[in-house]
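The values are calculated or read from the model by the stated rules, or taken from the named source; none is laboratory data. Given the structure is predicted, the values throughout are model-derived calculations rather than measurements. All Cβ positions, even for glycine, are placed from backbone atoms using ideal geometry, and neighbour counts span all protein chains on display. For the accessible areas, the whole protein counts, side chains as well, though only heavy atoms, and no ligand, DNA or RNA atoms are used. Shrake-Rupley method; radii C 1.70, N 1.55, O 1.52, S 1.80 Å.
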Amino acid sequence: MANDKLTTYKAKRDFRETQEPSGQAKVQPSDRRRFVIQKHDATRLHYDLRLELGGVFKSWAVTRGPSMDPHDKRLAVEVEDHPLDYGDFEGTIPKGQYGGGSVMLWDRGYWEPEGKKTPEQALAKGDFKFRLEGKRLHGSFVLVRMANDRERGKRTNWLMIKHRDEFAVEANGAAILDDNGTSVASGRTMEAIAAGKGRKPKPFMLQGGNMGADAVWDSSAYRS
Ligand code: MN
């Protein structure tokens with residue numbers, strides 16, 4: 001069935017040229033909302049945060065990557081909704097195509113909204129609190145829409161900020177990025193992905209349930 005939330009996604013890409021999913025593949029249903037973070041070595045290196053909501057991934061390009069230090073405010077540029085099968089994509093987008101460069105599955109797992117608002121209401125309000133249970137990222141975050149950017153039209157900027165909790169750190173919030181240089185889905189480095197070498201990524205969206213190649217998964221921890 002056509003998903004018109006993906007019109008922009010499809011319009012930006014030529015699927016004869018790029019290996020990126022066209023949104024046709026059927027993903028496994030999940031009773032928990034899934035998320036992925038893709039490290040994307042494009043014109044500028046960034047980390048794409050994708051949260052499953054309403055049958056698509058709401059997506060933000062986090063320019064410097066997420067930080068575990070609540071003092072850090074990371075610019076997160078809202079981008080077009082992505083299809084759920086994009087959550088299994090790891091590989092290289094050809095030069096000249098939109099987002100040309102290599103993509104690594106850097107983290108994945110489950111998320112849940114925090115607070116009384118529905119996620120749709122919180123997003124509309126521009127104050128979106130959520131909790132990640134990934135292989136690498138854990139705990140509460142907020143995305144806050146920047147007030148002046150709505151009128152500018154070109155792009156919608158948010159700030160991604162870690163909340164204070166047991167997973168927060170007081171310094172070196174980006175160490176989580178530096179300490180984890182390989183794919184959670186294939187174990188590969190960006191160099192190996194760019195060279196098209198090494199293992200294929202283990203699926204998460206298409207087959208489901210397994211967050212990472214060597215994830216220790218205790219579902220009881222997420223049933224609160
Ligand atoms: Mn990107």
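Structural remarks
- If you check P70, P66 for being over 18 Å from L105 (Cα atoms), touching a residue at least 12 places away in the same chain (Cβ under 8 Å) and not aromatic (F, W, Y), only one passes: P70.
- Of the strands (runs of 3 or more DSSP E) entirely within region 50-151, those holding at least 3 residues that are surrounded by fewer than 22 Cβ atoms within 10 Å (Cβ to Cβ) and within 16 Å of the ligand (Cβ to nearest atom) occupy 56-62, 74-82, 91-93.
- Selection count, region 173-194, where residues are in contact with a Ser or Thr (Cβ under 9 Å, 6 or more places away or on another chain) and open to solvent by 60 Å² or more (accessible area, probe 1.4 Å): 2
- Residue match in region 130-144 (condition: more than 29 Å from G181 (Cα to Cα) and either at pLDDT below 95 or not aromatic (F, W, Y) (or both)): no
- Residue in region 155-169 that is of a type in the set (G, A, S), open to solvent by 40 Å² or more (accessible area, probe 1.4 Å) and over 18 Å from the mean Cα position of the chain (by Cα) present: no
- Of residues in region 39-49 being in contact (Cβ under 8 Å) with a residue 60 or more places away in the chain and open to solvent by less than 20 Å² (accessible area, probe 1.4 Å), the one farthest from the ligand (Cβ to nearest atom): L49
- Meets criteria (open to solvent by less than 20 Å² (accessible area, probe 1.4 Å), touching a helix residue (DSSP H, G or I) at 6+ places or on another chain (Cβ under 7 Å), in a strand (DSSP E or B) and within 13 Å of the ligand (Cβ to nearest atom)) for V36: yes
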